[in-house]
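Novice: First the structure, which I've put down as structure tokens, then a few questions once you've had a look.
The values are calculated or read from the model by the stated rules, or taken from the named source; none is laboratory data. Everything numeric here is computed off the predicted structure, so don't read it as measured data. Cβ atoms come from the backbone with ideal geometry, glycine included; neighbour counts cover every protein chain shown.
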């Protein structure tokens, strides 16, 4: 079925050693036979994700990107361990099959997980997915509900009380992302100093502490191909931690480009949130707060934070491209995107009544 998410030919410079992978896989799963076929998932701009096929059996391998990596970023083993612990209480997490910290295999930590066969919505709806406006709204709400469900997980009962520091999360994020942005700055982007100063001045106390995903988007959600309203998986748990749920929502809304947004933001759209029937950002905030019970009078701080954090992530990736540490041409325009996000943050700050 063409709706099912497909891997493609591995990008130049990001190939895996097939023989090394084959040896490792057969140590982990001795029943495997034959030579693996390795392809790469084209989505994502950070960690690298591959599909490994042994005949009808399919697996997914996740490894960090090449080049300079920010300290504490791209910790594949931590991601896999969180997924293992979360799976019993949040069933949308894929099963972890193996973890590898032996760099002689592929030169980096990696893990192997089950492949979830399904639809992943990227920039636009697939042509074969013919949804009415009402259907689109239903799908949108179902996806938001999975974020609400995650935030309601009892992290202590799940044994996940050690995955983050918890209280004080808001301040740590503003301090941390400000530091990371300054360390990744290049001469052709803005300095975001006014934005960072505003965030420091306006930061609220945490509204709660819960498990947060930190990258919850449509292209990290897997839909049942036989019933696209059903979510069968949530992917990319690298940045999951204990933190403030409204900060998590702010992160998600940084990617939520709606139909009436201006052109430069539309060019950054990575998910079909512009489709008729999708909730607007304001409607998402209202719906989420009603369902979760986590409420604030104004969401301005969290929206600006989400955009600034996205800019910092983009700038870290662009830094690697700017200095020739990756040749991935997708990253060539990230400097322009970062400059636009600074302007967008400033517009929101200028209108804010905080």
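Novice: Only one of 257, 221 is surrounded by 19 or more Cβ atoms within 10 Å (Cβ to Cβ) and within 13 Å of the chain's Cα centre (by Cα). Can you tell me which?
Specialist: Values: 257 fails: within 13 Å of the chain's Cα centre (by Cα).
Just a single option satisfies the conditions, and that option is 221.
Novice: Right, something else. Considering only the stretch 27-62, state which residues are under 30 Å from residue 255 (Cβ atoms) and over 28 Å from the mean Cα position of the chain (by Cα).
Specialist: Selection gives nothing.
Novice: Filter the stretch 328-353 for residues that are over 17 Å from residue 47 (Cβ atoms) and not in a helix (DSSP H, G or I) and give the result. Even if it seems obvious, please write down each step before you answer.
Specialist: Going through the stretch 328-353, the residues over 17 Å from residue 47 (Cβ atoms) turn out to be 329, 332-333, 335-353.
332, 333, 352, 353 - these are the residues of the stretch 328-353 that are over 17 Å from residue 47 (Cβ atoms) and not in a helix (DSSP H, G or I).
Novice: Considering only residues that are in a loop (DSSP other than H, G, I, E, B) and touching a strand residue (DSSP E or B) at 6+ places or on another chain (Cβ under 9 Å), which ones fall in the stretch 216-267?
Specialist: Taking the stretch 216-267 and keeping what is in a loop (DSSP other than H, G, I, E, B), we get 216-217, 225-226, 235-240, 244, 254-262.
Matches in the stretch 216-267: 216, 225, 235, 236, 238, 239, 240, 244.
Novice: A further question on this structure: Going by the structure shown, is residue 288 more than 20 Å from residue 171 (Cα to Cα), buried (at least 22 other Cβ atoms within 10 Å of the Cβ) and touching a helix residue (DSSP H, G or I) at 6+ places or on another chain (Cβ under 8 Å)?
Specialist: On the way: more than 20 Å from residue 171 (Cα to Cα): yes; buried (at least 22 other Cβ atoms within 10 Å of the Cβ): yes; touching a helix residue (DSSP H, G or I) at 6+ places or on another chain (Cβ under 8 Å): yes.
Against the criterion (more than 20 Å from residue 171 (Cα to Cα), buried (at least 22 other Cβ atoms within 10 Å of the Cβ) and touching a helix residue (DSSP H, G or I) at 6+ places or on another chain (Cβ under 8 Å)), residue 288 qualifies.
Novice: Quick check: is even one residue across the stretch 167-188 modelled with pLDDT under 95 and assigned to a loop (DSSP other than H, G, I, E, B)?
Specialist: Step one: list which residues in the stretch 167-188 are modelled with pLDDT under 95, which gives 167.
Right, trim to assigned to a loop (DSSP other than H, G, I, E, B) and you get 167.
Yes, some residue in the stretch 167-188 is modelled with pLDDT under 95 and assigned to a loop (DSSP other than H, G, I, E, B).
Novice: So residue 151 passes all but one of these: (1) surrounded by fewer than 17 Cβ atoms within 10 Å (Cβ to Cβ); (2) in contact with a strand residue (DSSP E or B) (Cβ under 7 Å, 6 or more places away or on another chain). Which condition number does it fail?
Specialist: Of everything listed in (1) surrounded by fewer than 17 Cβ atoms within 10 Å (Cβ to Cβ); (2) in contact with a strand residue (DSSP E or B) (Cβ under 7 Å, 6 or more places away or on another chain), residue 151 misses just condition (1).
Novice: Within the stretch 113-143, how many residues turn out to be touching a strand residue (DSSP E or B) at 6+ places or on another chain (Cβ under 9 Å) and assigned to a helix (DSSP H, G or I)?
Specialist: So the answer is 5.
Novice: Just checking, which of 146, 152 is at pLDDT 95 or above and over 27 Å from residue 47 (Cα atoms)?
Specialist: Details: 146 fails: over 27 Å from residue 47 (Cα atoms).
Sole residue among the options that is at pLDDT 95 or above and over 27 Å from residue 47 (Cα atoms): 152.
Novice: On to the next question. Can you give me the number of residues within the stretch 190-205 that are surrounded by fewer than 20 Cβ atoms within 10 Å (Cβ to Cβ) and either assigned to a loop (DSSP other than H, G, I, E, B) or touching a residue at least 40 places away in the same chain (Cβ under 8 Å) (or both)?
Specialist: Here the count works out to 7.
Novice: For the stretch 268-285, name all the residues that are out of contact with any helix residue (DSSP H, G or I) (no Cβ under 8 Å at 6 or more places or on another chain), assigned to a loop (DSSP other than H, G, I, E, B) and free of Cβ contacts under 8 Å to residues at least 60 places away in the same chain.
Specialist: Step one: of the stretch 268-285, the residues out of contact with any helix residue (DSSP H, G or I) (no Cβ under 8 Å at 6 or more places or on another chain) are 269, 280, 282-283.
Now narrow it down to the ones that are assigned to a loop (DSSP other than H, G, I, E, B): 269, 280.
Result: 280, single match.
Conditions tested, residue by residue: (1) crowded, with 17+ Cβ neighbours inside 10 Å; (2) touching a helix residue (DSSP H, G or I) at 6+ places or on another chain (Cβ under 6 Å).
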| position | (1), (2) |
| --- | --- |
| 119 | yes, no |
| 132 | no, no |
| 142 | no, no |
| 159 | no, yes |
| 165 | no, no |
| 179 | no, no |
| 184 | yes, yes |
| 188 | no, yes |
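Novice: Something else about it: Please go through the stretch 206-215 and pick out each residue that is part of a loop (DSSP other than H, G, I, E, B) and closer than 19 Å to residue 295 by Cα. Explain how you work it out, then say what you get.
Specialist: Just the residues of the stretch 206-215 that are part of a loop (DSSP other than H, G, I, E, B), to begin with: 206-209, 213-215.
206, 207, 208, 209, 213, 214, listed by residue number.
Novice: A follow-up question, please. Could you please let me know if residue 164 is in a loop (DSSP other than H, G, I, E, B) and assigned by TED's automatic domain parsing to the domain that holds residue 220? Full working, then the answer.
Specialist: Values: in a loop (DSSP other than H, G, I, E, B): yes; assigned by TED's automatic domain parsing to the domain that holds residue 220: yes.
Here the answer is yes, as residue 164 does meet what is asked.
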